[in-house]
1. To the nearest µm²/s, what D does Stokes-Einstein give for region 17-86 at 10 °C and 1.306 mPa s, using the Kirkwood radius over alpha carbon pairs as Rh?
2. Please turn the phi angles of region 71-79 into ³J(HN,Hα) values with the Karplus equation 6.51 cos²θ - 1.76 cosθ + 1.60 (θ = phi - 60°), one per residue in order, whole Hz, x for glycine and proline.
3. For region 1-61 and region 93-160, write down the distance between their C-alpha centroids in whole Å.
4. If you average over every viewing direction, what projected area does the convex hull of the Cα atoms of the chain give, in nm²?
5. Applying the Karplus parametrisation 6.51 cos²θ - 1.76 cosθ + 1.60 with θ = phi - 60° to the phi angles of region 17-34, what ³J(HN,Hα) value in whole Hz is obtained for each residue in order, glycine and proline being reported as x?
6. Within the chain, which cysteines find no other Cys whose Cβ is under 4.7 angstrom from their own?
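The numbers here are math on the coordinates, done by the rules we state, and not lab data. Predicted model, so just to flag it, every value in this text is computed and none were measured. Because the Cβ atoms are built from the backbone with ideal geometry, glycine has one as well, and the counts that use them run over all protein chains shown.
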Amino acid sequence: MPLTNQGKDLFQEIERIISDHDCDAHDLLGMLLEIQAVVPEQYISKEVAKFVSGRLGISDNDVCEVVTFYAALSDVPRGRHVIQICDSTACKVNKYETLAAALERQLGIMVGETTADKKFTLMYTPCFGACDVAPAFRIGEEVYGNLTEEKIKTILESYGGM
């Protein structure tokens, strides 16, 4: 990531996040989640990983291992809004495939893809505790369940939609 003015601002924000965590490598996951949230494409780039590792005094590989291990983190660019479809047992029993198909139709992408306008990325994720409204998806911290095609359309439109 070249250090344009926007890049400088981003790295200043990353520096603030690291400082808020007292530069403690034991809190790497928490830092990376916060950092990913401020990166416009919602991912941890190699440049960001290298910056974090340098500030924490750990290897680049340590940072990359955490990024690739946790489903909530990504090492590839994603859309502004990441839609995570729960693929847990409860959601499978309640036909999460129907939910995925409805989202794919409405967004014009397949699970694992990002819309051309970079607004949405659609992906599967492990259980996030919405079994009572399964099948469910979440966007950011907001969980949606008990869904119909019309409810899905309304939700997507509220995020700047389709």
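1. Values: Rh = 12.2 Å.
The calculation lands on 130 µm²/s.
2. 5, 6, 10, 9, 10, 10, x, 10, x
3. One Cα centre to the other: 28 Å.
4. On the way: hull surface 39.5 nm².
Its average projected convex-hull area is 9.9 nm².
5. For region 17-34, the Karplus-derived couplings read 4, 4, 5, 4, 9, 6, 6, 8, 4, 5, 10, 4, 4, x, 4, 5, 5, 5 Hz, x marking Gly and Pro.
6. Cys23, Cys64, Cys127, Cys131
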